[in-house]
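Enquirer: I have a structure I would like to understand better, so I am pasting it below and will then ask my questions one at a time.
The values are calculated or read from the model by the stated rules, or taken from the named source; none is laboratory data. Please read these numbers as outputs of a predicted model, since none were measured by experiment. Please note: Cβ atoms are built from the backbone with ideal geometry, for glycine as well, and neighbour counts cover all protein chains shown. To get the accessible areas, we keep the full protein, side chains included, count just its heavy atoms, and leave off ligands, DNA and RNA. Shrake-Rupley method; radii C 1.70, N 1.55, O 1.52, S 1.80 Å.
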Amino acid sequence: RLFRALRVMLHPTVYGPYLLELADPLGQVVVEWDANWELSPPWRRVQHRDYVRRKHAHLRAEGWHVHCVPLAELQSCTSREAKLQRLAHFVSDHGLERLRADA
């Protein structure tokens, strides 16, 4: 929802066996949390971390650009506005402005 609030057009996409929740399939761009396995239950974290790392390696080998949002940084933001500002910097720093609806 935060990327949508910034008018960054990322869509759910299935690529091979992977569900890419925030992706630009034509530009082969995917955005994910850098440590999304931390959101998994403790007993699944190691398995999920290995899966995510394999997924990113496979996507990069296929020509995808994988951008990872720092989860800890975003979680440290105390307000929605601070999170939006942090993500706006992420979009700018990673050259994703072209994905904005108003670009």
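Enquirer: Going through the stretch 32-62 one residue at a time, which ones are touching a His at 6+ places or on another chain (Cβ under 9 Å) and at pLDDT 95 or above?
Expert: LEU59 - this is the single residue of the stretch 32-62 that is touching a His at 6+ places or on another chain (Cβ under 9 Å) and at pLDDT 95 or above.
Enquirer: Follow-up question, since we're still on this one. How many of the residues making up the stretch 14-34 are in contact with a Pro (Cβ under 8 Å, 6 or more places away or on another chain) and either surrounded by fewer than 16 Cβ atoms within 10 Å (Cβ to Cβ) or assigned to a loop (DSSP other than H, G, I, E, B) (or both)?
Expert: So the answer is 3.
Let's see how each residue does on (1) under 14 Å from the mean Cα position of the chain (by Cα); (2) farther than 27 Å from GLN85 by Cβ:
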{"residue": "ARG1", "(1), (2)": "yes, no"}
{"residue": "TYR18", "(1), (2)": "yes, yes"}
{"residue": "LEU22", "(1), (2)": "yes, no"}
{"residue": "GLN28", "(1), (2)": "yes, yes"}
{"residue": "TRP33", "(1), (2)": "yes, no"}
{"residue": "ASN36", "(1), (2)": "yes, no"}
{"residue": "PRO42", "(1), (2)": "no, yes"}
{"residue": "ARG49", "(1), (2)": "no, yes"}
{"residue": "HIS56", "(1), (2)": "yes, no"}
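Enquirer: Could you please find all residues in the stretch 63-75 being open to solvent by 70 Å² or more (accessible area, probe 1.4 Å) and over 14 Å from the mean Cα position of the chain (by Cα)?
Expert: GLN75
Enquirer: Here's something else I'd like to know. Considering the stretch 58-94 alone, what residues qualify as being touching a residue at least 24 places away in the same chain (Cβ under 8 Å) and among the acidic types (Asp, Glu)?
Expert: GLU62
Enquirer: Working only within the stretch 9-30, note down all residues that are under 13 Å from VAL69 (Cβ atoms) and modelled with pLDDT under 95.
Expert: LEU10, GLU21, LEU22
Condition check ((1) farther than 23 Å from ALA101 by Cβ; (2) surrounded by 12 or more Cβ atoms within 10 Å (Cβ to Cβ)) across all residues:
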residue: LEU2; (1), (2): no, yes
residue: PRO12; (1), (2): no, no
residue: GLU38; (1), (2): yes, yes
residue: ASP50; (1), (2): yes, no
residue: CYS77; (1), (2): yes, yes
residue: LYS83; (1), (2): no, yes
